[in-house]
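Student: Before anything else, here's the structure in question.
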Amino acid sequence: MSVEHESFKPTIVAFCCNWCSYAGADLAGSGRMQYPANVKIIKVPCSCRVNPTFVLRAFQRGADGVIMCGCHPGDCHYSTGNYYTRRRMTMLFDFLDFLGIERGRTRVEWVSAAEGARFASVMNDFVKNVTELGPNRKITDLRTKPEHKEGE
Amino acid sequence: MQKVAEIAQKRAIQLLNQGVVNRVIGWKKGEFGYDETPAVFTTAAGIEDFRYDVFSAPNLSKYLIDESKKEGKILAFLKPCDTYSFNQLIKEHRVNRDNVYIIGIECGGMADINTIRNRGAAGVTDVADNGQTVIAHTLYGDVTFDKNEVLLEKCQACKGKKHVIFDELIVVNPQDDEPKNRFAGVEAIENMTPEERFAFWREQLSKCIRCNACRNVCPACSCLQCVFDNPRSGVASKASPDTFEEQLYHIIRAFHVAGRCTDCGECSRVCPQDIPLHLLNRKFIKDMNAFYGEYKAGEDSETRPPLVNFSKDDAEPSVISDKGGDK
Ligand code: SF4
Ligand code: SF4
């Protein structure tokens, strides 16, 4: 188990807004700052564009963790988008936790276009946390009958 | 309750005869004595069939979406919790308030036929409501229950006996208005470990047969075209074969009604598989109350629901990971 655990590389989906966080990711790249390659970035116009079903889709397709990055509150390119994101994702992530998808697998971070280093450290930290949690439960299993354990 | 039903019946006939309304929506006897179904009456003679008793649980608000768009005014009998749904529908511009004459009708709690059966009343043919007791007439004689013991889940967690919107009231025996604690069930799950929570929900959600009853009954699920509709099937409200929708149905639906769900409890009541859907909705309600201030959907018809609103100093999403317990 432990061997398996060490070699476990989680699949992370990062939704990054075009104006701040994606530019932050770019800066991290051009500054040659290291962050794990298993972070798959999806660029969105605004963090507010992320429909909660996108997050569910990511989990359905096997993500072990989902992170949402947007401009700092107050700095949204569209003025107020990330304020909605903030409420929506707080609700969604706590709800997922309620269903058994631990809150360590979901996160919202505000990363500006100037914060390349912060982007890299946020990703490193998130990947580390998710790796510790191990492979995700399959959210799609919620709709399948539990298997009976051996001996039952 | 008998008395309330009689008054309601008389009043409905009066209003029809006076021409204040041209239709009445209420409940009539269903196939059995314990499945009162919503019905629209158009004549004073037809109101003979009107029934209001412990099984008049169906929330009539959703029917008013269509009914209020028709010619003329309709009289609607709404129980206290149904008025919340109606208010919420006004807020969402789904009903025409001017076309509905609302009589807020007293409610002493509605009974659950399954509980009555599970408590040993087999072969129930009819049920009589005696105020504090409920008498089940069965093939093998009568069985009497204390009403409080056979209430529907939604009535055990009653939000209060106040009608939030009405044109007139029929309340014969004013009831205790103390709202009950609705969140005990949610808290019990929150206190589990993530594995246990997942196992709990897997046990529950895997029972779902996707009959769509929970969506069809829900007053918050009033979109003209629902994401779960499959227009190509040629059958209205047929489930879509898409695996994503199929697998995440309950989560998507719960999120769609978050902030708009009035906790009327209809979804759990109609679910043929006994899935405690109210726990999903109440989790959202509990969280919104905790993070964005007390909010009761449908309490009024103006305030913005929490998820289409924000404040500059809202809690950061990290509050949920800082809440303690497991990580
Ligand atoms: S989700 Fe259930 S409790 Fe909420 S409004 Fe719809 S039917 Fe009522
Ligand atoms: S009513 Fe119950 S069984 Fe039917 S779709 Fe809803 S959750 Fe599934």
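The values are calculated or read from the model by the stated rules, or taken from the named source; none is laboratory data. Note that this is a predicted model, so its numbers are computed, not measured. So basically every Cβ, Gly included, is an ideal-geometry build from the backbone, and we count neighbours across all protein chains shown. Surface areas here come from the heavy atoms of the whole protein model, side chains and all, with no ligands, DNA or RNA. Shrake-Rupley method; radii C 1.70, N 1.55, O 1.52, S 1.80 Å.
Student: Output the number of residues of the range B:58-92 satisfying the condition of being open to solvent by less than 10 Å² (accessible area, probe 1.4 Å), away from ligand 1 (no atom under 14 Å from the Cβ) and part of a loop (DSSP other than H, G, I, E, B).
Tutor: 1
Student: Can you pull out the residues in the range A:46-60 that are open to solvent by less than 80 Å² (accessible area, probe 1.4 Å) and not aromatic (F, W, Y)?
Tutor: A:C46, A:S47, A:C48, A:V50, A:N51, A:P52, A:T53, A:V55, A:L56, A:A58, A:Q60
Student: Within the range A:82-94, can you find the residues that are touching a residue at least 40 places away in the same chain (Cβ under 8 Å) and more than 7 Å from chain B (Cβ to nearest Cβ)?
Tutor: Residue satisfying the conditions is A:N82 alone.
Student: For the range B:180-207, which positions are hydrophobic (A, V, I, L, M, F, W, C) and without any contact (Cβ under 8 Å) to a residue 24 or more places away in the chain?
Tutor: B:A184, B:A188, B:M192, B:F198, B:A199, B:F200, B:W201
Student: How many residues does the range B:279-297 contain that are within 13 Å of ligand 1 (Cβ to nearest atom), open to solvent by 30 Å² or more (accessible area, probe 1.4 Å) and in a helix (DSSP H, G or I)?
Tutor: 0
Student: Here's another thing I want to ask about it. Looking only at the range A:22-45, count how many residues are part of a loop (DSSP other than H, G, I, E, B) and either modelled with pLDDT under 95 or open to solvent by 70 Å² or more (accessible area, probe 1.4 Å) (or both).
Tutor: 8
Student: A further question on this structure: Do we have B:C267 as part of a loop (DSSP other than H, G, I, E, B) and at pLDDT 95 or above here?
Tutor: no
Student: Here's another thing I want to ask about it. Go through the residues of the range B:182-192 one by one and say whether even a single one is among the aromatic types (F, W, Y) and part of a loop (DSSP other than H, G, I, E, B).
Tutor: Scanning the range B:182-192 turns up at least one residue that is among the aromatic types (F, W, Y) and part of a loop (DSSP other than H, G, I, E, B).
Student: So which residues in the range A:95-146 are surrounded by 17 or more Cβ atoms within 10 Å (Cβ to Cβ), basic (K, R) and either in contact (Cβ under 8 Å) with a residue 24 or more places away in the chain or not in a helix (DSSP H, G or I) (or both)?
Tutor: Hits for the range A:95-146 are A:R105, A:R107, A:R118, A:R137.
Student: Restricting the range B:180-230 to residues that are small (G, A, S) and within 24 Å of A:D141 (Cβ to Cβ), which is nearest to ligand 1 (Cβ to nearest atom)?
Tutor: Only one residue tops the list, namely B:A213.
Student: Can you tell me which residue among B:S240, B:S233 is more than 14 Å from chain A (Cβ to nearest Cβ), at negative phi, modelled with pLDDT under 90 and away from ligand 1 (no atom under 16 Å from the Cβ)?
Tutor: B:S233
Student: Restricting the range B:253-278 to residues that are more than 12 Å from ligand 2 (Cβ to nearest atom) and within 11 Å of another protein chain (Cβ to nearest Cβ), which is most open to solvent (accessible area, probe 1.4 Å)?
Tutor: The qualifying residue most open to solvent (accessible area, probe 1.4 Å) is B:H256.
Student: Only one of these conditions is not met by B:F55: (1) surrounded by fewer than 24 Cβ atoms within 10 Å (Cβ to Cβ); (2) closer than 27 Å to B:Q132 by Cα. Which number is it?
Tutor: (1)
Student: Another question about this same structure. Do we have B:F55 as among the aromatic types (F, W, Y), under 15 Å from the mean Cα position of the chain (by Cα) and outside the structural domain of B:C264 (by TED's automatic domain parsing) here?
Tutor: yes
Student: Given (1) at pLDDT 90 or above; (2) open to solvent by 40 Å² or more (accessible area, probe 1.4 Å); (3) within 11 Å of chain A (Cβ to nearest Cβ), identify the lone condition not met by B:D314.
Tutor: (2)
Student: If I ask for residues that are within 8 Å of chain A (Cβ to nearest Cβ) and either away from ligand 2 (no atom under 16 Å from the Cβ) or open to solvent by 30 Å² or more (accessible area, probe 1.4 Å) (or both), which ones from the range B:201-211 would you list?
Tutor: Selection gives B:R202, B:E203.
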